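Structure, as structure tokens:
The values are calculated or read from the model by the stated rules, or taken from the named source; none is laboratory data. Predicted, not measured: the structure shown is a model, and the values here were computed from it. All Cβ positions, even for glycine, are placed from backbone atoms using ideal geometry, and neighbour counts span all protein chains on display.
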Amino acid sequence: MPAKAELYRTAARVLGTLDKSGWILRYRYGDRRLLEDVVLPALDRDDEVASVLLIGCAWYTRHYPDLLPGTDVTTMEIDPAKAAFGGAQHIVANMADIVEHVAPESLDAIVCNGVLGWGLDQPEAVESAFAGAVACLKPGGLFLLGWNDISPRNACPPDTIAALSHLEAVDIPGLQTHSLIALERNQHCYQAWRKPLTA
Ligand SMILES: C[S@@+](CC[C@H](N)C(=O)[O-])C[C@H]1O[C@@H](n2cnc3c(N)ncnc32)[C@H](O)[C@@H]1O
């Protein structure tokens, strides 16, 4: 096994042991708190949401599937080594190829936080990823985007992404706003859209 994958597996094992003891190591920043304490639990409480795809995995997102206990959660991550931080159902894939891995109109929600501008950078790849995500959402499905409106992460801001222009702006789960800057320091924004019920 490559050294990085081994390192991540070890980290995931140690963190998993700590998690089970109730000592969950996680970021304390406001943007993370909001996502973990408000947005994901609200998504889980939504009776309309039975299946969620979380894109992008890291040591600090390993417990995210546990924040959605009433939901069928799948994770997706381009780096095979980071599968160690994914959920029980995990897909190693580039989001730009999402339609090759996820059935059309099969998901109630997709959470894509910290991927746009963090590896998903090229405009063609961004369009492919987001158009694919929309294709994988059921009509009425939710697309939650977290992105940083700060250089160099904001080279492809959401209002330039054609695939998102077909969606309806809706409130972020648990909040009464479509768009929010969750952390000023890095201009971390959350925005939510819904796939229209009729095409
Ligand atoms: C900054 S981390 C964000 C992790 C997590 N989603 C979060 O809430 O913070 C970015 C992750 O997205 C992954 N990533 C970048 N481009 C990707 C792509 N095109 N498809 C899938 N994962 C990608 C990276 O490998 C990295 O693990």
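Taken over region 39-73, the residue count meeting the criterion of being more than 27 Å from Trp23 (Cβ to Cβ) and out of contact with any helix residue (DSSP H, G or I) (no Cβ under 8 Å at 6 or more places or on another chain) is 6. Asp97 falls short of the stated requirement of being closer than 18 Å to Ala135 by Cα and in contact with a Ser or Thr (Cβ under 7 Å, 6 or more places away or on another chain). The condition of being of a type in the set (Gly, Ala, Ser) and within 13 Å of the ligand (Cβ to nearest atom) holds for only one of Ala42, Ala83, that being Ala83.
Within the bounds of region 17-27, is there any residue that is among the small types (Gly, Ala, Ser) and modelled with pLDDT under 95? Within region 17-27, one or more residues are among the small types (Gly, Ala, Ser) and modelled with pLDDT under 95. Of the strands (runs of 3 or more DSSP E) that lie entirely inside region 74-163, those containing 3 or more residues that are crowded, with 22+ Cβ neighbours inside 10 Å and in contact (Cβ under 8 Å) with a residue 40 or more places away in the chain span 107-113, 137-148. Any residue at all in region 23-30 that is part of a helix (DSSP H, G or I) and more than 21 Å from Ala133 (Cβ to Cβ)? Yes. Which ones in region 111-161 are within 13 Å of Leu53 (Cβ to Cβ), small (Gly, Ala, Ser) and away from the ligand (no atom under 14 Å from the Cβ)? The answer is Ala135, Gly141. Screening region 58-73 for residues that are out of contact with any Leu (no Cβ under 8 Å at 6 or more places or on another chain) and either small (Gly, Ala, Ser) or in a loop (DSSP other than H, G, I, E, B) (or both) and picking the one that is nearest to the ligand (Cβ to nearest atom) gives Ala58. Starting from region 185-199, keep only residues that are more than 12 Å from Asp149 (Cα to Cα), then list their pairs with residues that are outside any loop (DSSP other than H, G, I, E, B) and β-branched (Val, Ile, Thr) whose Cβ atoms are within a distance under 8 Å, requiring at least 6 positions of separation or different chains. Within 8 Å, the pairs are Lys195/Val134.
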